[in-house]
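Everything on this sheet refers to the single structure shown next.
The values are calculated or read from the model by the stated rules, or taken from the named source; none is laboratory data. Keep in mind the model is a prediction, meaning the values are calculated, not measured. For neighbour counting, all protein chains shown are included, and Cβ atoms are generated from backbone atoms with ideal geometry for every residue, glycine included.
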Amino acid sequence: MQQLLLPLLLVLVLAVPLVMSTRKQKKQQAAQQDLQSSLAPGDRVMTTSGLYGTVADTSGDNTIDIEIAPGVVTTWLRLAVREKVEPVVETEEDSADDVETPAEEPSIIESSSGIKDDEPQTTAQVAPPLEHGKK
């Protein structure tokens with residue numbers, strides 16, 4: 001009896017994680033298929049390459065059209081859609097925080113030749129964070 005206990009435990013230790021991982025994969029595949037079949041025009045999606053866009057047309061069996069910018073529509077495989085994302089809604093608090101501050105006066109720098117030069121003014125702005133991570 002004890003001779004069979006060790007091989008039985010060894011098989012259980014190896015088999016249980018294997019069965020659990022295959023169940024998890026099947027659930028993920030089913031969820032992905034449900035997502036791809038439920039896509040409709042107007043849905044905001046993210047592709048597997050990280051591109052955000054709005055579904056424009058779902059008439060193809062294997063492909064969908066995604067609008068990535070106003071007037072720019074591209075064709076993608078349905079399998080390339082990773083997830084649906086919620087559109088960003090700007091609240092009153094967000095818009096109050098975005099009030100621009102007046103630009104500072106350009107400072108004057110004296111060069112080695114004794115001539116005063118204006119410091120170059122930049123108009124670069126920091127882009128707001130992308131929608132990644134929002135569900």
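Collect the residues in the stretch 62-83 that are part of a strand (DSSP E or B) and within 22 Å of Ala30 (Cβ to Cβ), keeping them in residue-number order.
Going residue by residue through the stretch 62-83, those that are part of a strand (DSSP E or B) are 63-69, 72-77, 81-83.
Thr63, Ile64, Trp76, Leu77, Val81, Arg82, Glu83, listed by residue number.
Which pairs turn up if I take residues in the stretch 116-135 that are part of a strand (DSSP E or B) and look for partners that are loosely packed, with under 10 Cβ neighbours inside 10 Å and at pLDDT below 65 with beta carbon separation below 7 Å, at least 6 apart in sequence or on another chain?
These pairs meet every condition: Lys116/Ile108; Lys116/Glu110; Asp117/Ser111; Asp118/Ile108.
Tally the residues that are surrounded by 10 or more Cβ atoms within 10 Å (Cβ to Cβ) and either within 26 Å of Val45 (Cβ to Cβ) or modelled with pLDDT of 70 or more (or both), restricting the search to the stretch 121-135.
Adding up the residues that qualify gives 3.
When you scan the stretch 32-69, how many residues do you find that are among the small types (Gly, Ala, Ser) and over 20 Å from Glu131 (Cβ atoms)?
The total comes to 3.
Could you list, in sequence order, all residues of the stretch 38-61 that are of a type outside the set (Gly, Ala, Ser), in a loop (DSSP other than H, G, I, E, B) and surrounded by fewer than 16 Cβ atoms within 10 Å (Cβ to Cβ)?
To start, the set of residues in the stretch 38-61 that are of a type outside the set (Gly, Ala, Ser) comprises 39, 41, 43-48, 51-52, 54-55, 57-58, 61.
Still in the list and also in a loop (DSSP other than H, G, I, E, B): 39, 41, 43, 48, 51, 58, 61.
Matches in the stretch 38-61: Pro41, Thr48, Leu51, Asp61.
Do you know which of the residues in the stretch 58-100 that are under 15 Å from the mean Cα position of the chain (by Cα) and of a type in the set (Asp, Glu) is modelled with the lowest pLDDT?
Applying the filter and picking the extreme gives Glu86.
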